[in-house]
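Reading through the structure tokens given below for one structure.
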Amino acid sequence: MIEDLKKDAAERMGKSVVALTQSLTKLRTGRAHPSLLEHLMVSYYGTDTPINQVANISVDDARTLSVTPWEQSVIPDIEKAIINAGLGLNPVTAGKVVRVPLPDLTEERRKDLARLVKQEAEQGRIAVRNVRRDVIADLKSLLKDKEISADEEHKAEQDVQQITDKYIAEVDKVSEEKQKEIMEF
């Protein structure tokens, strides 16, 4: 029973780290990467559709993304979605391809992005600690119901804290890597 709680805690904490990593991929770092646009929704025949289902997103060079739609009629909708995304990008249509040049990040914008990364990382840490709190509450209820002894509960709490420390360290590592990536160039 205790092992199940610890496995569940590790799994849920791991998912929190994955969610943080995914949310950080949407932040622009100055390098072209298809994940910058993958979360965009394009109006496709009146239905909001993910951009990667109506076009192919590729990297032309370090500062340019190339969006190749499967139907030319979607090009204006793709441009509109990119402009309205609030990413500060200005798409340029070149025949059947929409090119998205990435402007250089200013020092001020880099610092803002680094602050945003820190906020996202703190949310990740909070999510991990919330999992710890839930598991410890479950352990206390098992102790109260006399399903485990006080010693078992104490040992399990220490194990859960070790698991928590491990995932907090992962959150910090992901955050530091992203901040370093943003501040370079």
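Bear in mind these aren't lab numbers, they're just calculated from the coordinates by the rules spelled out. Computed from a predicted structure; not experimentally measured. We place every Cβ from the backbone using ideal geometry, glycine too, and count neighbours over all the protein chains shown.
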Check: In 5 Å bins starting at 0, how do the alpha-carbon pair distances of the stretch 1-61 split up by percent?
Finding: 4, 16, 15, 15, 14, 11, 9, 8, 6, 3, 0
Checklist line | Value at 222 nm in deg cm²/dmol, rounded to 500, when DSSP H runs of n ≥ 4 in the chain each add -39,500 (n - 2.57) | finding: -20500 deg cm²/dmol
Check: Just in the stretch 34-91: which chymotrypsin sites (Phe, Trp or Tyr not before Pro) are loop by DSSP and have at most 13 other Cβ atoms within 10 Å?
Finding: 45, 70
Checklist line | DSSP-loop trypsin sites (Lys or Arg not before Pro) across the stretch 77-185, with at most 14 other Cβ within 10 angstrom | finding: 96, 146
Next item on the list: Quick one: which residues, 5+ away or cross-chain, put their amide H under 5 Å from the amide H of residue 43? H built at 1.01 Å from N.
Entry: 49
Checklist line | Histogram of C-alpha separations across the stretch 34-101, 10 Å bin width, % | finding: 23, 63, 14, 0
Next item on the list: Return one number: the angle in degrees, 0 to 90 and rounded to the nearest 10, between the long axis of the Cα atoms of helix 150-183 and the longest principal axis of the Cα atoms of the chain.
Entry: 20
Note to self: If amide hydrogens are placed 1.01 Å from N in the peptide plane, which non-local residues have theirs closer than 5 Å to the one on residue 102?
What the structure shows: 64, 65
Check: When Rg is the radius of gyration of the Cα atoms in the stretch 45-185 and Rh is its Kirkwood radius, what does Rg/Rh come to?
Finding: 1.22
Check: Given DSSP loops and a limit of at most 15 other Cβ atoms within 10 Å, what is the longest stretch of the chain that contains no such GluC sites (Glu not before Pro)?
Finding: 72-146
